Amino acid sequence: MKIHLNRWQQAVRKAQAAVGLLSCAIGTATAQDMSHHHMDLNADPTAESEITQDWAKEKLAKSPRHREWVKIKNGTREVNSFIVYPEVSKKATAVVVIHEIFGMSDWVQQMTDELAEAGYIAIAPDLLSGMGPNGGGTADVATKGSNAVGQAIRALPPDQIASDLNAVADYVSKLPAANGKVAVGGFCWGGSTTFFFATRRPSLKAAFVFYGSAPDDNAQGQPYTVDKPALAKIGAPVYGFYAENDMRIDATVPPTVDAMKELKRIYDPVTYAGAGHGFMRAGEPNNPAPAAAAPDADEAAAKKAANDQAMYKANRKAHDDAWARWMAILAKI
């Protein structure tokens with residue numbers, strides 16, 4: 001369901017001033033300076049410790065598609081990346097998948113496989129590659145403590161992020177099975193990073209931003225303002241996927257619409273009714289539904305269970321509608 005801006009833009013603008021810094025879990029991916037990052041794990045549907053999702057791992061294990069880990073050179077760095085190939089008879093478009101604040105999770109790998117199932121070469125780089133205490137990536141960083149992954153992602157230098165992603169995009173575009181076209185899609189922190197990466201790689205065919213915000217140029221703690229000089233460098237159309245119950249991110253959408261229109265850049269945001277932040281993971285059909293209230297549950301417990309069930313259904317619908325939209329757009333690239 002598309003919620004048109006002209007119905008709620010004024011309310012959002014008022015909320016924007018009060019909200020201040022409005023990024024996906026750790027802040028907006030800023031083209032000039034990503035040091036403004038903040039992290040609010042309570043705003044995400046999962047805890048940072050949930051790098052492992054058994055349901056995602058089990059589905060991936062049953063996939064018939066060829067998948068492998070590759071180490072992609074970026075100067076002195078090696079970016080460990082998970083790639084899955086589609087079972088198709090012609091060269092395919094590639095999609096770079098940018099993970100959430102939780103790093104290289106089982107869900108990200110499953111999503112990569114789902115994109116390959118749909119006919120695309122999908123590759124998900126672990127942007128924490130080499131950042132662990134033993135030189136490893138997400139899993140290695142996680143051994144440092146429950147908040148270590150989010151803190152490490154927050155500290156990643158923007159130029160390193162951009163160069164890692166460019167190396168991955170270069171690699172996948174030149175594979176014998178690839179047709180040379182590269183799109184990018186990311187979730188939460190990865191959504192903001194997708195918008196940021198679009199400012200650094202104009203040759204992208206499309207950028208798919210899931211509940212992430214555009215680069216900002218405001219000082220830390222100040223109201224969100226769009227970084228127009230950064231957005232002016234974008235060459236690809238940007239497609240936004242947002243949740244109705246996510247004002248922290250939604251308040252960044254109207255000024256981004258205005259800026260992209262002024263710059264004559266394509267930005268097409270859609271907001272999904274009733275959904276919450278992180279609906280692509282929370283609404284994944286393989287993700288177990290929340291438990292119903294016990295027969296002897298008190299009023300508070302019964303209400304919570306009912307709310308959880310309603311949110312799950314809204315997230316499922318948002319997931320399915322967003323996936324259909326994503327596939328329709330990719331098919332036209």
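Summary of values
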{"quantity": "Any hit, the range 264-274, residues being more than 21 Å from GLY185 (Cα to Cα), charged (D, E, K, R), open to solvent by 50 Å² or more (accessible area, probe 1.4 Å) and touching a strand residue (DSSP E or B) at 6+ places or on another chain (Cβ under 8 Å)", "calculated": "no"}
{"quantity": "Test: residue in the range 239-259 that is open to solvent by less than 40 Å² (accessible area, probe 1.4 Å) and among the charged types (D, E, K, R)", "calculated": "yes"}
{"quantity": "Positions within the range 216-238 being in contact with a Leu (Cβ under 7 Å, 6 or more places away or on another chain) and either hydrophobic (A, V, I, L, M, F, W, C) or surrounded by 20 or more Cβ atoms within 10 Å (Cβ to Cβ) (or both), in sequence order", "calculated": "TYR224, LEU231, ALA232, ALA236"}
{"quantity": "Test result for VAL172, touching a residue at least 40 places away in the same chain (Cβ under 8 Å) and within 24 Å of GLU284 (Cα to Cα)", "calculated": "no"}
{"quantity": "Some residue of the range 198-215 being among the polar types (S, T, N, Q) and either in contact with a Pro (Cβ under 7 Å, 6 or more places away or on another chain) or within 23 Å of ASN80 (Cβ to Cβ) (or both)", "calculated": "yes"}
{"quantity": "Filter pass, ALA294 being over 26 Å from VAL209 (Cβ atoms) and not in a strand (DSSP E or B)", "calculated": "yes"}
{"quantity": "Meets criteria (modelled with pLDDT under 90 and of a type in the set (Gly, Ala, Ser)) for ALA297", "calculated": "yes"}
{"quantity": "For THR28: the one exception among (1) part of a loop (DSSP other than H, G, I, E, B); (2) modelled with pLDDT of 60 or more", "calculated": "(2)"}
{"quantity": "The range 273-295 residues that are touching a residue at least 60 places away in the same chain (Cβ under 8 Å), paired with ones that are charged (D, E, K, R) (beta carbon under 6 Å, 6 or more apart)", "calculated": "ALA273/GLU244; HIS277/ASP246; GLY278/ASP44; ASN286/LYS59"}
{"quantity": "PHE196 crowded, with 24+ Cβ neighbours inside 10 Å, in contact (Cβ under 8 Å) with a residue 12 or more places away in the chain and farther than 18 Å from TYR120 by Cα", "calculated": "yes"}
{"quantity": "Pairs with Cβ under 6 Å, 6+ apart, first in the range 297-324 and of a type outside the set (A, V, I, L, M), second surrounded by 18 or more Cβ atoms within 10 Å (Cβ to Cβ)", "calculated": "ASN315/ALA275; ASN315/PHE279; ASN315/ALA282; ASN315/GLY283; ARG316/GLY283; HIS319/PHE279; HIS319/MET280; HIS319/GLY283"}
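The values are calculated or read from the model by the stated rules, or taken from the named source; none is laboratory data. None of these values were measured; they are calculated from a predicted model. Cβ atoms come from the backbone with ideal geometry, glycine included; neighbour counts cover every protein chain shown. What goes into the accessible areas is simple: the full protein's heavy atoms, side chains included, and nothing from ligands, DNA or RNA. Shrake-Rupley method; radii C 1.70, N 1.55, O 1.52, S 1.80 Å.
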